[in-house]
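A.B. asks: Before anything else, here's the structure in question.
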Amino acid sequence: MRIAVVGGMGAVAQHAVVQALEAGHFVSWMVNPTDHLPDPCLETDFPQVLCIIRSPWDNSEKYDELVAECDAVLVALDFNHTRPEQFVPIQHILQKSMRKHNVQRVILVTMHGSAESSRQLDWELWAKLNINQVFYVALGTMAPCWSIVSQYSAQEQIVKNAESLKYTILRPAAVTDGPAT
């Protein structure tokens with residue numbers, strides 16, 4: 001299987017890439033030009049099945065390169081590595097490339113509390129996310145957006161509204177940088 005991964009250095013994307021490679025799948029992985037791979041040996045250990053595309057998030061031509069000939073796309077944007085206000089534009093650019101290359105399967109990883117799961121939201125976690133956001137905005141390091149949860153919710157809605165797109169949405173309650181389980 002050929003899998004495209006968008007999510008760079010987030011824990012979910014990193015583990016997904018390694019597990020897919022170990023299972024013998026071909027992986028196209030988009031990372032930021034300044035990102036350092038978690039394991040530099042990945043490029044040398046899997047040269048025939050790993051294609052790393054280093055590109056800024058808004059380069060639509062690189063999304064075409066990423067998804068060409070892929071069977072599925074994993075989108076696992078992490079708000080510690082990607083600014084939340086980029087989630088929706090990234091999803092739009094990605095789905096345009098998916099339509100162009102007839103890729104009809106996407107797995108989207110957001111978070112518990114997004115969209116209709118907000119009714120079961122852990123409000124303590126939500127408060128921490130929004131307090132951090134206000135702190136970042138105050139420091140001028142992140143453009144204002146309503147909340148990280150709302151950005152993930154909007155990203156989910158784009159996926160759900162896409163015609164002929166087969167999707168799975170995963171909303172983990174928590175993700176750590178620990179070992180894969």
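A.B. asks: Hey, can you tell me all the residues within region 22-40 that are modelled with pLDDT under 90, under 22 Å from residue 68 (Cα atoms) and of a type in the set (S, T, N, Q)?
C.D. replies: Answer for region 22-40, where residues must be modelled with pLDDT under 90, under 22 Å from residue 68 (Cα atoms) and of a type in the set (S, T, N, Q): just 32.
A.B. asks: Then there is this: Here is a list: 65, 85, 69, 22. Which entry is under 17 Å from residue 155 (Cβ atoms) and charged (D, E, K, R)?
C.D. replies: Details: 65 fails: under 17 Å from residue 155 (Cβ atoms); 69 fails: under 17 Å from residue 155 (Cβ atoms); 22 fails: under 17 Å from residue 155 (Cβ atoms).
The conditions single out 85.
A.B. asks: Just checking, which of 43, 61 is at pLDDT below 85 and in a helix (DSSP H, G or I)?
C.D. replies: Step by step, each of 43, 61 is checked, and only 43 is at pLDDT below 85 and in a helix (DSSP H, G or I).
A.B. asks: Taking region 53-65 on its own, how many of its residues are aliphatic (A, V, I, L, M) and either surrounded by fewer than 15 Cβ atoms within 10 Å (Cβ to Cβ) or more than 20 Å from the chain's Cα centre (by Cα) (or both)? Give the derivation first.
C.D. replies: First pass over region 53-65, keeping only residues aliphatic (A, V, I, L, M): 53.
Still in the list and also either surrounded by fewer than 15 Cβ atoms within 10 Å (Cβ to Cβ) or more than 20 Å from the chain's Cα centre (by Cα) (or both): none.
So the count comes out to 0.
The values are calculated or read from the model by the stated rules, or taken from the named source; none is laboratory data. Here the structure is a predicted model, which means the values were calculated and not measured. Virtual Cβ from ideal backbone geometry, glycine too; neighbours counted across all protein chains shown.
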